[in-house]
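K.L.:
I have a structure I would like to understand better, so I am pasting it below and will then ask my questions one at a time.
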Amino acid sequence: MKRLTEKILSGDVRAIARAISWIENDYAQKEQLIDDLYPHCGNAVVWGLTGPPGSGKSTLLNLLIARERMKGKRVAVIAIDPSSPFSGGAILGDRLRMQKHSTDSGVFIRSMASRGHLGGVAGATADAIKVLDAAGFDLIIIETIGVGQTEIEVVEMTDVVLLLLVPGLGDEIQALKAGIMEIGDIFIINKSDKDEAMKTKAEVEYVLSLNDNPRKDRPNPIFMTSAVLNLGIDELSTGIDLYIEELRVNGLIEDKRRKRIAREIRLMITAKIRREVEKQLGLNERIDSWVDQVYRRKRRPYAMINELSDTFFKKNRT
């Protein structure tokens, strides 16, 4: 364990990949590993990049990574893919992402399956961020599935959320009102060379004006880009830096990170308690019997659950 920790802290790519695999597979050693790495965390900036399928996220990300590398930053990307409900594997995990940076030692790219985890972000992502942070990456980017309301969880893992939109998706306003608009900090209209681009920008501005934004004096930035034509990328890169610096000066980055820790503590406690309850109640061994009783109307579901929970709490009462 000590050797693995040392290799991660030195930026060893194989060690980083191995640690993330431990986390994804929920190995028991991952807890000690994260605790060993934790004193070295807290330096990286974390972006979330999300948007509808086909909006050009990976193409844009290619260009943004290049800009960040020109600034001398080490960049890590966690690309969250939708996963099969049958095998749990990433449906798109085999595709080659961001090939241009594959030979750059200052860039680490990892595709992870969402494994059906609500929120579009793999359950292992929070700990993977810690590994990459401790490994010395200056910027960590979480690219998510981008399917709407379930993306909300990305907000709680990142310092800033980049929401990528494109013209020509049909009724944009209805799509934007579906829930994805609420999570964005910085809005990017990609494929700005299309005729409908300015109309889409106007619609975004309208929807944002309806939101209860406590920072009315500083509206969310909107950038126009064309990733394919490499247009507007420098302005976007500079704008992201300025936005994050403003958050830092106003103490909002610290506030976000404290809320992130609070959420993680709650999730850790909940997961530990859930595993212990399932173990003591013999859930895996008895679930079929319970299903049969409820299915045949021999037992009422809430009455049965209340009885089981009462049994658990009586057994563990001190």
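Each value in this text was obtained by applying a stated rule to the coordinates, not by laboratory testing. Everything numeric in this text was worked out from a predicted model, so none of it was measured. All Cβ positions, glycine included, derive from the backbone under ideal geometry; neighbour counts span all protein chains shown.
K.L.:
Sticking with the crude label model, points 7 Å out along Cα→Cβ, report the distance from Arg266 to Val294 in nm, one decimal please.
P.N.:
Between Arg266 and Val294, the label points sit 2.5 nm apart.
K.L.:
Can you compute 3J(HN,Hα) from phi for each residue in segment 39-46, using the Karplus curve 6.51 cos²θ - 1.76 cosθ + 1.60 with θ = phi - 60°, rounded to whole Hz and x for Gly and Pro?
P.N.:
x, 9, 8, x, 9, 6, 8, 10
K.L.:
So which lysines pass the test for Lys298, namely a Cα distance under 27 Å, with those fewer than 8 places away in the same chain ruled out?
P.N.:
Cα-Cα hits under 27 Å: Lys279, Lys314, Lys315.
K.L.:
Right, here's the next one. Please list, in chain and number order, the residues 5+ apart from Ile141 or on another chain whose amide H is under 5 Å from its amide H, with Hs placed from the backbone.
P.N.:
Here the answer is Trp47, Ala76, Val77, Ile78, since their amide H atoms fall under 5 Å of that of Ile141.
K.L.:
Let's see if you can work this out: charge +1 on each Lys and Arg Cβ, -1 on each Asp and Glu Cβ, no other charges. What is the dipole magnitude of segment 233-318 about its Cα centre, in debye to the nearest 20?
P.N.:
Working: 21 positive and 15 negative charges, 216 e Å.
The calculated dipole for segment 233-318 is roughly 1040 debye.
K.L.:
Still on this model: Would you please name the trypsin sites (Lys or Arg not before Pro) within segment 34-78 that are DSSP coil residues with at most 16 other C-beta atoms within 10 Å of their C-beta? List each step's numbers first, then the result.
P.N.:
Details: sites: Lys57, Arg67, Arg69, Lys71, Lys73, Arg74; in loops: Lys71, Lys73, Arg74.
Taking segment 34-78 and a limit of 16 other Cβ atoms within 10 Å, the loop trypsin sites (Lys or Arg not before Pro) found are Lys71, Lys73.
K.L.:
Specify which residue in the list Leu283, Phe313, Ala303 is farthest towards the positive end of the charge dipole of segment 264-316, using unit charges on the beta carbon of Lys, Arg (+1) and Asp, Glu (-1), about the Cα centre.
P.N.:
The one lying farthest along the dipole's positive direction is Ala303.
K.L.:
Sort segment 264-316 into rounded, prolate or oblate with this rule: let a ≥ b ≥ c be the square roots of the eigenvalues of the Cα gyration tensor; rounded if a/c is under 1.5, and if a/c is not under 1.5, prolate when a/b is larger than b/c, oblate otherwise.
P.N.:
Working: a/c = 2.27, a/b = 1.97, b/c = 1.16.
In terms of gyration-tensor shape, prolate.
K.L.:
Could you pull out every residue, at least 5 positions away or on a different chain, whose amide H is within less than 5 Å of the one on Ser111? Hs are placed 1.01 Å off N in the peptide plane, and Pro or chain starts have none.
P.N.:
Here the answer is Ala79, since their amide H atoms fall under 5 Å of that of Ser111.
K.L.:
Next question. Cross-link candidates for Lys259: which lysines have Cα within less than 25 Å, leaving aside residues fewer than 8 places away along the same chain?
P.N.:
Lys30, Lys130, Lys216, Lys272
K.L.:
Taking θ as phi - 60°, what are the ³J(HN,Hα) couplings along segment 61-74 by the Karplus curve (6.51, -1.76, 1.60), each to the nearest whole Hz, with x for Gly and Pro?
P.N.:
4, 3, 6, 5, 4, 4, 5, 5, 5, 5, 7, x, 8, 8
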